[in-house]
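The values are calculated or read from the model by the stated rules, or taken from the named source; none is laboratory data. Keep in mind it's a predicted model, so treat the numbers as computed, not measured. We place every Cβ from the backbone using ideal geometry, glycine too, and count neighbours over all the protein chains shown. In case anyone asks, the SASA skips ligands and DNA or RNA and just uses the protein heavy atoms, side chains included. Shrake-Rupley method; radii C 1.70, N 1.55, O 1.52, S 1.80 Å.
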Amino acid sequence: MKQELRSCKEGSTVTIGGQKWQILSHLENGGTFCIRKNLLDGYRTFDRDNCNDWKKSSLRKYLNGEYKEKLLSEIQADEGVEIILDTTQDLTTDDGLKDYGSSTDNVVLLTCEQYRKYRHLFDKLDAWWWLITADSTINHFARLVHTDGSLYHDYACIGSSGVRPACTFNSSILVEVA
């Protein structure tokens with residue numbers, strides 16, 4: 001059954017572009033912030049060059065390039081409707097440094113703060129998954145979620161973590177309700 005995304009309950013699962021997404025919150029800007037329910041296929045590095053700054057990461061380039069284009073090609077919406085709205089993420093490091101500023105993208109990862117806010121909604125997964133938050137600007141660690149739900153860190157170049165993209169979708173799009 002299809003219905004407008006705005007009418008779906010926070011925490012529920014919907015299908016958008018052939019993928020299952022969990023609704024985290026409805027926003028005042030007419031968007032709905034969602035995270036992919038399952039990991040993308042395969043493990044990925046946060047950054048091939050071991051940089052923990054999201055704005056420079058190879059994962060950001062992939063998610064906002066190839067991944068986004070494939071996702072958009074699978075979503076049906078009225079012509080002229082902006083399907084994915086910009087999301088601005090605070091890139092304050094886990095130790096409180098603000099050197100990395102913020103980043104505005106269509107496809108993002110959760111920050112540590114967002115993970116803490118929405119943790120009660122998440123099922124445990126079989127693999128670790130990256131967050132957007134760097135450990136510090138003085139090392140190469142990026143934060144991630146361990147299989148037991150706890151927060152951890154690893155070198156940004158390690159390719160043994162999964163990815164759960166997050167997007168702010170236009171709340172007027174039609175979605176399949178799970």
Inset, instruction - Residues that are in contact (Cβ under 8 Å) with a residue 40 or more places away in the chain and open to solvent by less than 10 Å² (accessible area, probe 1.4 Å): find the strands (runs of 3 or more DSSP E) completely inside segment 94-178 holding 3 or more of those. - result: 129-134, 166-170
Inset, instruction - Restrict the check to segment 56-76 and report whether at least one residue is part of a loop (DSSP other than H, G, I, E, B), over 20 Å from LEU144 (Cα atoms) and not polar (S, T, N, Q). - result: yes
Inset, instruction - Only residues that are aliphatic (A, V, I, L, M) and surrounded by 12 or more Cβ atoms within 10 Å (Cβ to Cβ): list them for segment 69-93, please. - result: LEU71, LEU72, ILE75, ALA77, ILE83, ILE84, LEU85, LEU91
Legend entry - Residue list for segment 26-45, restricted to those being open to solvent by 60 Å² or more (accessible area, probe 1.4 Å), farther than 14 Å from TRP128 by Cα and touching a strand residue (DSSP E or B) at 6+ places or on another chain (Cβ under 8 Å): HIS26, LEU27, ASN29
